[in-house]
Structures are given as structure tokens and as C-alpha cells.
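The values are calculated or read from the model by the stated rules, or taken from the named source; none is laboratory data. If you're wondering where the values come from, they're calculated on a predicted model, not measured in any experiment. In this analysis, Cβ positions are derived from the backbone assuming ideal geometry, glycine residues included, and neighbour counts consider all displayed protein chains.
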Amino acid sequence: MRTDKKSGWPILLLAITTIITTTIFSGCKKLIEIDTPSNQLESNIIYLDSATAQATVNGLYTVMYNTTSGNTTSSTSGTFLTTCPGRSADEIYAPTATADEFVTNSLVPTTGLVNTVWVSLYQTIYQANMVIQGMEASSLSPTLKKQLIGEAKFIRAFCHFHLLNLWGNVPLITQTNVEATSIQGQNTSDQVYAQIILDLKDAQSTLASDYSWSANIRTRVNSWAATAFLARVYLYTSQWALAEQEASKVIAQTTLFTLPSSLNTVFLKASNETIWAFNTNQYGYTFIARALLPTSATVNPSLALTSSLLNSFERDAVRPDYEDDRYTAWTKAAPSGLRYSYKYISNTTAANTEFAVVLRLAEQYLIRAEARIQQNNLSGGTADIDVIRKRAGLHGTFAQTQDELLLAVEHERQVELFLEYGTRWYDLKRSGKANAVLAALKGSAWQTTDVLYPIPTTQLNSNSNLIQNSGY
């Protein structure tokens, strides 16, 4: 963390102070701040009324989605957690760019966007820790305390998960003491995952099982969001039985979650496939739509889909009526022939038709399919694959052996979950296939060490206990 010479506070924490002051403290008359040393962020907070406490957590979601140096068309959680891994993998590229450090996997520690993502995720973690600490010290109702602490723990887990999958070993931050966190070194992946699982299990057991806390729209996490994310984490850590168990719990909630028959409705605000999404009403469009859609029907997109991704969709030249409906529903051609993502179709201010979906039901079927196949339940895995394929207008999978079925799941994840919060990039790495797939596509631009992003220079300069990733 870089330090401000006048105050002695790390620049990162000064930014956090500004965000928290503007989004949480303003107008909160009953928020008590306990005096702390001048070199420590004031984090001993006690909430005295429910309105203040809930406004604080609402502010946490707002900061998480909207914050990125005042830019109203992109943010880390709204854009960069999708576009950066998408460029690093084999999903998108910038047609007019003369150079792209993500596409060519030539990131350096001074790459500005790498630091932006790092800082934004840790800002959110710090604020989540403040919520947890303040709520634990409050005398509010046990129900309210459990709900708000559970939400903060989920968000802390979400941010640590992405830090871990982008950088590998990272600092695990669960406190607000600046003196301790500013010099903390990296924890192992196992340690970080253990805390992620603990946070999600706590959230799962304390959060509401419906969406009543967010007026019945799916923009605040509940116990099913925690369960869905826990299923993903168990999958990533090869805990197959637990991944199947948690995914099955979500799939069984048929009164809450269903797969729409029309692919064109999956990302709409009212979609019953959504488990958790960011509310985009502040601007009326999703940031990811602004990043991926052309500015008009007559121009090319700034980020186009790669031929590698497009060729992965099943299309039958002999029977043009039989092809993957996701190709026609979720991709679209510009006048030049370049195709771009059309999962989100609106980039119009105040349209308010779509939310930025983070967790949805289709992923749970694919998590359970992979987990079942890994446990040699081939028929169960096949059934889950076919649920997703048939929704896309395809026949059931022809795969039969365990290896064939695992490849079938990998394929479905590629075409179903493309450009959704780094899924493809993370899948290539956790499966050990990043080198084989990306070296073939990118040639000498690809190095085996490119699977991890570099620790930003500004963080290394301010914390001598951080160790740079190999290759940088």
C-alpha cells in the first residue's frame, strides 16, 4: 500500500475512508465512532438502529458494484471481473487494439487495471469487515444482526474467491486493524479457501431463505446464494460430494428457481433463473452491456468474441435449423461480421430491464453434473448435462465414458457461462488445461506463469511482506 506523506495513511485506506464516509456515515446520526490512534482507520463502529445498519449494508453493495474512480460505465464487480479474465483466456479481444496486455498475456506489475481490481476487491473486503465488527458489537435484534453479518461474510468470501483465482496466494483479511493488515503477507490458497468456506457456511446458516430483505428482487444475497456459491467453491476444491450436495439443495428449490425456456429472458430483472444479481437501477443499464455492446447498430464492438469461442458452439451446416440456440440468442453480428456478446441487450440509460447476474441456476446443474461424474455417477451427470443442452435446443449428449462426460461438462460450461465473472479463465486453470489450450491459440505470447496475474507494484512497494508471483 502506497503511503500519503501528509497523513501517514496508506493511499488504499484513504480511498476506503472516503468511500465509507460518503456511502455510510453521511446522515447517520446514531452511528457511534470510537476514537482510535491517528495511524489507524476508525473501525470500532456500533450500530444503534436498524435503519443505519441496513443502509450500511446497502452501501456495501453499492460500493462493490459502482466504485471505479468515478467511471459510470465500468467497475471491478460490474465489468472487470468479466472482461479481464475473458481477454486473458479465449473469449474476447479488442479488434482495433494494437496491443492488449490481457489478450497477449503480457501483464506487468505496473499494469494499471491489475492494481484497480486488486484495490477494489480489498476495499470491499475492508468495508465488509467493518460491517461485521460493528454489527457484532451492536445491541440490535439477533435476526437483523445475523442477516447483515451473513451478507457481509458472503461478500468477503466472494472477493477473496476472485483474488485467489486471479493472483493465487493472497493476503486473507478478516480484520480492520490497519497496522496489521498493511504489513500482512500472503496466505496459502488452502488457508484462503478454508476461510471462504467458513464465511459461506456461516452465511448459509444465518441468511433469510427468501428475498424479503430486498423487496423480493434478487439483488441482496440470501441463504440460497450462499449455498450456490459454496457449491462452486467445493467444486473448485475438488470436494465432489459436497459440491453435489450443495448444488442439489439449490436445484430442489423449484418454487424459487427455474430455467426459463426462452434464452432471451435469462438475464432480465424478473428471471427466476437468477440466484443473485447486482441492482443496476442507478444508471438503468448493466456496466457489462456498456462494455460489450456496440454503441450503435452501424459500428463494431470494442470487444468482439474470439473465433475459438464461436467455433465451440454446435452448428450443423447440413441442418441449419439444428444448432445451439445460445449462438443465435447470446451472440450477434456487427455489420463487419464480427460477433459480440448479446447476453445483455440493453445499454440504454434508464431502461432498467436487466440486472447484472452473478449467480444463476444453470451453473448449479453443471456443478452437479461435474461433481457426479467425478464420483462415477455417470447417469446422474448425463441427466444434468442434458437439462442444459435441451434448453439450448440440442439433443442429449452422446458422451458415455467418464472422460468423455467430463469433456462434455467442460464444453457446456464454455458455451453456457461465457463471459460470466471469469468462469472460463478459472476453469482452464483449475482443470490444468490452460497451458495446452492457450499456448495453441496464443503461441509464444503464452508463458506457463501467465496463469496468475502479477502483484501490483504499488502494493509491493508499500508492503515488503508481499512476494511477487513467478514470471514477473
Exercise for the section: Could you tell me whether E101 is surrounded by fewer than 18 Cβ atoms within 10 Å (Cβ to Cβ) and either of a type in the set (D, E, K, R) or touching a Gly at 6+ places or on another chain (Cβ under 6 Å) (or both)? Expected result: yes
Fill in the blank from the handout: Among the residues of the stretch 178-188, the number that are modelled with pLDDT under 95 and surrounded by fewer than 14 Cβ atoms within 10 Å (Cβ to Cβ) is 2
Completion exercise
Across (1) touching a strand residue (DSSP E or B) at 6+ places or on another chain (Cβ under 6 Å); (2) over 24 Å from Q54 (Cβ atoms), A137 clears everything bar (2)
Problem - Every residue from the stretch 189-209 that is outside any helix (DSSP H, G or I) and surrounded by 13 or more Cβ atoms within 10 Å (Cβ to Cβ) - result: L207, A208
Exercise for the section: Determine, yes or no, whether N352 is out of contact with any Cys (no Cβ under 8 Å at 6 or more places or on another chain) and either modelled with pLDDT under 95 or farther than 26 Å from T96 by Cβ (or both). Expected result: yes
Handout entry: Selection status of A351, closer than 25 Å to Y61 by Cα and assigned by TED's automatic domain parsing to the domain that holds F278
Key = yes
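Listed here are the residues, each with its yes/no results for (1) touching a residue at least 24 places away in the same chain (Cβ under 8 Å); (2) of a type in the set (A, V, I, L, M); (3) crowded, with 19+ Cβ neighbours inside 10 Å.
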{"site": "A226", "(1), (2), (3)": "yes, yes, yes"}
{"site": "A247", "(1), (2), (3)": "yes, yes, yes"}
{"site": "F257", "(1), (2), (3)": "yes, no, yes"}
{"site": "Q282", "(1), (2), (3)": "yes, no, no"}
{"site": "I288", "(1), (2), (3)": "yes, yes, yes"}
{"site": "P301", "(1), (2), (3)": "yes, no, yes"}
{"site": "E314", "(1), (2), (3)": "yes, no, no"}
{"site": "E323", "(1), (2), (3)": "yes, no, no"}
Fill in the blank from the handout: Of the residues in the stretch 101-142, those that are at pLDDT 95 or above and of a type in the set (D, E, K, R) number 1
Handout entry: In the stretch 333-357, residue farthest from L259 (Cα to Cα) [restricted to those that are buried (at least 23 other Cβ atoms within 10 Å of the Cβ) and aliphatic (A, V, I, L, M)]
Key = A356
Handout entry: Subset of the stretch 415-461 [modelled with pLDDT of 95 or more, polar (S, T, N, Q) and over 20 Å from F161 (Cβ atoms)]
Key = N435, Q447, T448, T449, T457, T458, N461
